Amino acid sequence: MNITVLVILTAIKITLILVVFLTAIAYTVLMERKVLGFIQLRYGPNRVGPWGLLQPLADLLKLLFKEDFTPPGVNKVLFVLAPIITAVTAFLPFAAIPFAQQILPDHIYLYGQKVDLSVAALNQGVIADVNVGLLYIFAVASLSVYGAVLGGWASNNKYSLLGGIRLSAQMISYELALGLSIIGVIMIAGSLSLVKIVDAQKDVWFILYQPLGFLIFLIASFAECARTPFDLIECENELVAGFQTEYSSMKWALFMLGEYCHIIVASALAVTLFFGGWHGPYLPPIAWFVIKTFIFVFFFIWVRGTFPRFRFDQLMRLGWKVLLPLGLANIMFTAAVILFFSKG
């Protein structure tokens, strides 16, 4: 395949996925506001467009034209760089998450020439099917904490600094449990490639083999996304708005973009690792992936509208004294079962 054609087709594929992903993030915010309104017996956004469906566009215009205020005494370079780091690193994991087995035909005709898309894997429902996809996701997703920590430190505000410090402690504590929770999946699938992990669930979803691993993954995902009941980094009764207290306009919007991007990525990863990815009867594969991911995103919102937040000492105790030992026990039990059946 001509290198120019390859680059053009890859760019088109990335652009389409990015547009869909950004739209999904915008309407996830709207869904959260509507669902929380329903839970709290009040109206959600319902003025802009039919049923409030144009509210994300109105929010975007509002944030674009709001005053971008920079407080005196901040480190201006890091203050501007922090939300960019958070937003960019939140998008990168989606490059390795497969959302369908195939989204394009095996070949197309371009300028009268037959172009084989299967050669460069351009027809696959994933941007990059790398054999260490899971390792890549954990590596780039963990970088987002730097944006929040740098933003809290650069803001020259004690509440922002405390929010950043809390976030770093929370991420270190729960990334350990999150990493341990997926070891059992890797041992069963025998690969770090997310495409191969999904293929291994063609007959049986891994949630049946790894219920404890899934539970640990789910709890740790809430903590990694800093969502209720783990939103100690920005609790208004203690830290005003935490690390983002001094941010406004589009800088604040980038932090919010990163947060909701993390929710969708965590939901998609849970579907990929434990619920068979795109596998399902009757409907197209991509439809199954979207439906399963939507259910998890709704669950994130439901939990926010239902549970109060923990105290910080309770959060740390849960991570180190409960989830970490359970993660290690799950690995040893999975290894013992695999060894027993392999010998048998």
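Read-outs throughout are calculated quantities, based only on the coordinates presented, and are distinct from any laboratory measurement. Being a predicted model, the structure only gives us computed values, none of them experimental. Ideal geometry is used to build each Cβ from the backbone, glycine not excepted, and the neighbour counts take in all protein chains shown.
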Three principal axis lengths of the range 31-108 [C-alpha, angstrom, descending]
57, 41, 26
Listed peptides 285-297, 326-338, 254-266 by packing density, highest first (mean Cβ within 10 Å):
254-266, 285-297, 326-338
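Is the range 241-344 best put as rounded, prolate or oblate by its Cα gyration tensor, with a ≥ b ≥ c the root eigenvalues, rounded for a/c under 1.5, and otherwise prolate when a/b is larger than b/c, oblate when not?
Verdict is oblate for the range 241-344.
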Computed Rg/Rh of the chain, alpha carbon atoms with Kirkwood Rh
0.99
Under 18 Å Cα to Cα from residue 66, which aspartates and glutamates show up? Leave out anything in the same chain fewer than 8 places away.
246
Segments 27-38, 154-165 sorted - mean Cβ within 10 Å per residue, highest first
154-165, 27-38
Using every Cα-Cα pair within the range 210-272, state what percent have a distance larger than 21 Å.
31
The relative contact order of the range 195-314, taking Cα pairs under 8 Å that sit 6 or more residues apart, comes to a percentage of 36
List the relative contact order of the chain as a percent without decimals, with contacts defined as Cα pairs under 8 Å and 6+ residues apart.
22
Of 43, 58, 94, which is farthest on the positive side of the dipole of the chain, counting Cα position, with +1 on Lys and Arg Cβ, -1 on Asp and Glu Cβ, and the Cα centre as origin?
43
So, with +1 on the Cβ of K and R and -1 on the Cβ of D and E, and no other charges, what is the size of the charge dipole of the range 201-318 about its Cα centre, to the nearest 20 debye?
320
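As an exercise, take the mean of 1/r over every pair of distinct alpha carbons in the range 199-246, invert it, and state the Kirkwood radius in angstroms.
Computed over the range 199-246, the radius equals 13.0 Å.
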Helix by helix through the chain, keep the DSSP H runs that span 20 Å or more along the axis on Cα and average at least 0.5 on Kyte-Doolittle, and give those back in order.
3-39, 76-91, 158-181, 249-274, 285-304, 324-343
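What does the convex hull of the Cα atoms of the range 13-62 come to per residue, in Å³, rounded to a whole number? Write down the numbers at each step before the final one.
Details: hull volume 3.7 nm³, N = 50.
Hull volume over Cα atoms, normalised by residue count, gives 75 Å³.
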Normalised Cα Rg of the range 171-289, dividing by 2.2 N^0.38 Å with N its residue count, works out at 1.26
Among the lysines, which have Cα under 26 Å from the Cα of residue 196 when same-chain residues fewer than 8 positions away are ignored?
13, 292, 343
Which order do the peptides 46-52, 269-275, 228-234 take when ranked by the mean count of other beta-carbon atoms within 10 Å per residue, highest first?
269-275, 228-234, 46-52
Length gained when the stretch residue 14-residue 38 is fully extended (0.36 nm per residue, less Cα-Cα span)
5.1 nm
For residue 144, the net charge from surrounding residues (Cβ-Cβ under 10 Å; K, R +1; D, E -1) works out to -2
